[in-house]
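Please treat every number below as a calculation from the coordinates, not as lab data. No experiment lies behind these values; they were computed from the predicted model shown. Cβ placement follows ideal geometry from the backbone for every residue including glycine, while neighbour counts extend to all protein chains displayed.
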Amino acid sequence: MNLLTAFAAALRALSTNWLRSMLTMLGIIIGVAAVITMIAIGGGAQARIEEQIKALGSNIMLVLPGAQTAGGVRLGAQTGQSLTEEDAQAIAAEVPEVQATAPSLRTGAQVIAANANWSTAVLGTTPDYLEVRDWPLAAGRSFEAAEMAGSGKVAVIGQTVAVQLFGDADPIDQTIRVRHVPVQVIGVLSRKGQNSMGQDQDDVVIVPLSTYRNRIQGMSAGRIKRVGAISVKIREGQSMDEAGEKIRALLRQRHRIAAGAEDDFSMRNLTEMLQAQEESSRVMALLLAAVAGVSLVVGGIGIMNIMLVSVTERTREIGLRMAVGARSRDILGQFLIEAVTLSLVGGAIGIVLGLAATWAVGSFAGWEVLLSADSIVLAVGFSAAVGVFFGFYPARRAASLLPIQALRYE
């Protein structure tokens with residue numbers, strides 16, 4: 001009996017009691033659908049985190065002020081004023097692993113353009129900020145040296161601000177008012193999307209640091225130019241940990257912090273934080289797929305059980321076939337093909353159910369899913385392997401029957 005004939009015979013045998021066959025396949029169906037859905041959900045989570053890493057920029061560290069103490073009371077993180085523009089320049093000049101630094105000050109403000117207005121974040125920084133964040137311009141230009149030195153009334157805006165204030169119109173060379181200070185839009189940033197905290201990175205107006213300090217915030221620069229944060233980009237291929245230790249040592253020296261005393265600043269490795277989230281997401285996806293795989297194993301046990309019952313019910317048929325010349329390997333192949341067919345049919349139904357479940361999760365739950373052909377091949381291949389593994393023992397048992405004993409079986 002060739003393979004095609006054996007397959008047709010297997011389908012006839014399974015359709016004889018189709019309800020029992022469907023109940024037997026239920027474990028395989030659920031297992032395959034669960035594997036496909038769980039891998040799609042895990043893949044979507046990983047893709048989302050990878051987008052966030054790309055949007056954030058590669059190899060970025062953030063240096064923030066430490067906690068301020070007033071009257072013996074610690075006021076919390078980032079309340080101090082320990083960082084300066086000179087610190088940022090020193091980090092760029094004295095730490096070889098550093099590619100660029102960008103000191104910055106940030107606040108919220110109402111921005112007005114003609115009859116439109118929008119509440120957004122206002123960031124005062126240097127042109128190096130765009131290099132640190134790997135953030136190219138979609139249109140226009142960045143700040144010039146004269147504008148940085150002379151508190152020029154210019155701004156670069158994000159995509160969200162451009163849409164809210166100007167709609168489809170070109171914002172370049174338009175005037176907006178930031179806290180009643182008129183500034184000219186000279187550039188529009190490319191779209192970044194949300195960060196890992198769900199904040200819209202495109203909802204920002206960037207102005208020269210001197211403009212922020214002297215015109216918008218109205219701060220007194222004095223001799224020491226304080227900043228709220230320093231963004232640091234580490235050169236490609238350099239160790240983030242080693243660069244971080246050198247930056248820490250340099251700042252402790254500049255701030256004259258005694259040995260054993262706490263830092264008056266804090267450092268965050270943003271890329272490593274997102275990569276840790278990605279690894280956690282990957283582990284969770286594998287764990288969910290493994291749990292789903294348990295359903296396949298349970299389904300395989302059901303297949304073994306029903307095939308043993310089938311061997312018992314068809315013992316006289318086996319004896320008759322062997323009496324007319326069927327060899328043991330023919331019987332073995334017949335029952336093995338029946339077990340594999342049971343798994344593959346269940347796998348096909350599971351694929352349809354898994355695709356429907358993945359679509360439902362993405363559409364109604366709002367989760368990002370990433371369906372791959374590899375997950376489908378993996379699920380179907382595993383289901384076929386389950387059929388072979390759990391079907392072999394019943395098939396071997398059928399093939400080992402003696403024709404005389406099988407014919408006499410009642």
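A few remarks follow.
- Length gained when the stretch Met267-Gln174 is fully extended (0.36 nm per residue, less Cα-Cα span): 29.7 nm
- For Asn305 and Trp359, a Förster radius of 30 Å and the Cβ-Cβ distance give a FRET efficiency of 0.35, rounded to the nearest 0.05.
- Spin-label model, Val298/Arg254: points 7 Å from Cα along the beta carbon direction are separated by 6.0 nm.
- On the basis of the beta-carbon distance and an R0 of 30 Å, Glu144 and Glu368 show a calculated FRET efficiency of 0.15.
- Long-range amide H partners of Gln99 with built H, under 5 Å: Lys233, Ile234, Arg235
- Length-normalised contact order for region 86-149 - Cα pairs under 8 Å, 6+ apart - percent: 26 percent
- Counting only aspartates and glutamates at least 8 places from Lys153 when in the same chain, those with an alpha carbon closer than 13 Å to its own are Glu144, Asp173.
- Annotation: extensible slack from Ala385 through Leu287 equals 33.2 nm (criterion: 0.36 nm per residue apart, minus Cα-Cα distance).
- For peptides 88-96, 230-238, 252-260, sequence by mean Cβ density within 10 Å, most packed first: 230-238, 88-96, 252-260
- Under 19 Å from Lys225, Cα to Cα: aspartates and glutamates that are on another chain or at least 8 residues apart: Glu85, Glu86, Asp87, Asp128, Glu147, Asp264
- Amide H to amide H distances under 5 Å link Gln174 with Val185, where only residues 5 or more positions off or on other chains count and H is placed in the peptide plane.
- Distance between the pseudo-spin-label points of Leu11 and Gln184 (7 Å out from Cα toward the beta carbon): 7.6 nm.
- Per-pair calculated FRET efficiency, R0 = 30 Å: Thr107 and Gln194 via Cβ, rounded to 0.05: 0.90
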